[in-house]
Structures are given as C-alpha cells and as structure tokens.
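J.: So that we are looking at the same thing, I have put the structure below in structure tokens.
FYI, it's all coordinate maths here, none of it is from the lab. Computed from a predicted structure; not experimentally measured. Cβ sites come from the backbone with ideal geometry, for glycine too, and all protein chains shown count toward neighbours.
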Amino acid sequence: MGTGELKATSDSGPLIHLTEIGCLRFLNRFDAIHIPDTVWLETVGQGRISQTDLSDLQNIQRQSLTGSEVEQFVKDKSISELHAGEQECLFVCLNKGVSMILTDDMAVRAAAGRLHIVPVGSLGIVVSAFKRGEITLQEAERFIADLYDVSSLFVTKAIAELAIAQLRSI
C-alpha cells in the first residue's frame, strides 16, 4: 500500500454479516473496496444486500474478471477448494496490489496468509471501528454480541467473548 490508501477486496461474508447488524458503514474507512462480480452476485444478486446500501459507501469498485485468468491463478496457487468468489477475491488482491481481504471464512484466511494477504473478518472490522473512536465500547460490545446472536456468521460464544475481552483491554 505504498500510496497510503487503505484498500481491500471483500468476500460475501463480511458484507452480509455487517449488513445484518447494521454496521456496513464501518467499511467507509477504506479508500477502495474491490468486489468481484461473483461476490456481487452472491450478495446483491441474491437479495442479501441492497445495491443502494453498497452504493451508499461510495468506495465500492466492482471487478469483472474472465474465467480463464482466474482458472490459471487457482491452479498456480493451489486454491481449488475455495469457492469462486473467494478465489476471485484473492486474484484481485494479487493482481491489483491489494494487501487485505475481508473474509470470515477460515479456509480463505489460511490461503490469504500463504499469499501474504492480510485477512480481516467482521469481528475485526467492529474492533477497528472502536479503536478509531467511531463507536463506544458499549456499542462495540453490542455489535460483537449481535454478530454472535443476530447475524448468520458462524462464530462461537468463546470467540465473541474473547473479542469483547480484547476490546476492554484497549
């Protein structure tokens, strides 16, 4: 990120989970969020997020990719076990010089680590909003509880409690 801009690609998970708890606005901290077409179809295309909500962020950059360029990448990086949207996100990271991927999927986080891409999940986005002073500790605790109780994110109670304990130690 030599330009000083904060850029990420986003898998469908954080977009959906942050929308479910009313926190999509936390993504405004990014100068650009690249969303591959496959992820767009998984979210907006299936009615899980409104196009208006994403457009309101004003930092969304939709990425159209050809199957052939992604196919070779998937073979070269041995990531065939990941879903198409996840593969495209990693492809965009490496081909656009984006060093961060927003994902809640453990397999994607592992693949990102191997490719020297920083994975950040929904919990991390809430913690980051608190660290930047966008929300109070009480609000951050509630949003993390909501990720566990309300959203479709699979997170254990122990992980949610650990995230809250980390918030309190900041």
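J.: Of ASP105, ASP53, ASP146, ASP11, how do they rank once you tally other Cβ atoms within 10 Å and put the fewest first?
T.: On the way: ASP105 22, ASP53 15, ASP146 18, ASP11 30.
Sorted ascending by nearby Cβ count, the order is ASP53, ASP146, ASP105, ASP11.
J.: OK, next. What does the charge count around GLU69 come to, taking other residues whose C-beta lies under 14 Å from its C-beta (Lys +1, Arg +1, Asp -1, Glu -1)? Numbers along the way, then the final one.
T.: On the way: positive: LYS75, LYS77, LYS96; negative: ASP37, GLU71, ASP76, GLU88.
Charge balance near GLU69 sits at -1.
J.: Hey, what number do you get for the chain at 222 nm if only DSSP H runs of n ≥ 4 count, each worth -39500 (n - 2.57), divided across all residues, to the nearest 500? The partial results should precede the final answer.
T.: Numbers: 9 runs with 91 residues, N = 170.
Computed mean residue ellipticity for the chain: -16000 deg cm²/dmol.
J.: May I pose another question? Considering all projection directions equally, how large on average is the shadow of the alpha-carbon convex hull of the chain, in square nanometres? It would help to have the intermediate numbers written out before the result.
T.: Numbers: hull surface 38.9 nm².
Over every viewing direction, the Cα hull of the chain projects on average to 9.7 nm².
J.: What's the whole-number percent of alpha carbon pairs in segment 11-95 lying beyond 19 angstrom?
T.: Working: 1339 of 3570 pairs.
Of the Cα pairs, 38 percent sit more than 19 Å apart.
J.: Neighbour counts of other C-beta atoms within 10 Å: give me MET106, MET100 arranged from fewest to most.
T.: Working: MET106 11, MET100 19.
Fewest to most other Cβ atoms nearby, the residues stand as MET106, MET100.
J.: When we measure straight from the Cα of LYS75, which lysines land under 26 angstrom away, once same-chain ones fewer than 8 places off are left out?
T.: Filter leaves LYS7, LYS96.
J.: Moving to a separate point now. Treat the count of other C-beta atoms within 10 Å as a stand-in for reagent exposure and order THR136, THR66, THR9 from fewest to most. Intermediate results must be reported in sequence, preceding the final value.
T.: Details: THR136 10, THR66 7, THR9 30.
Least crowded to most crowded, the residues run THR66, THR136, THR9.
J.: For segment 123-168, what D do you get in µm² per second when you plug the Kirkwood radius from alpha-carbon pairs into Stokes-Einstein at 20 °C and 1.002 mPa s? Don't skip to the end; give the middle numbers.
T.: Details: Rh = 10.3 Å.
The diffusion coefficient I find is 208 µm²/s.
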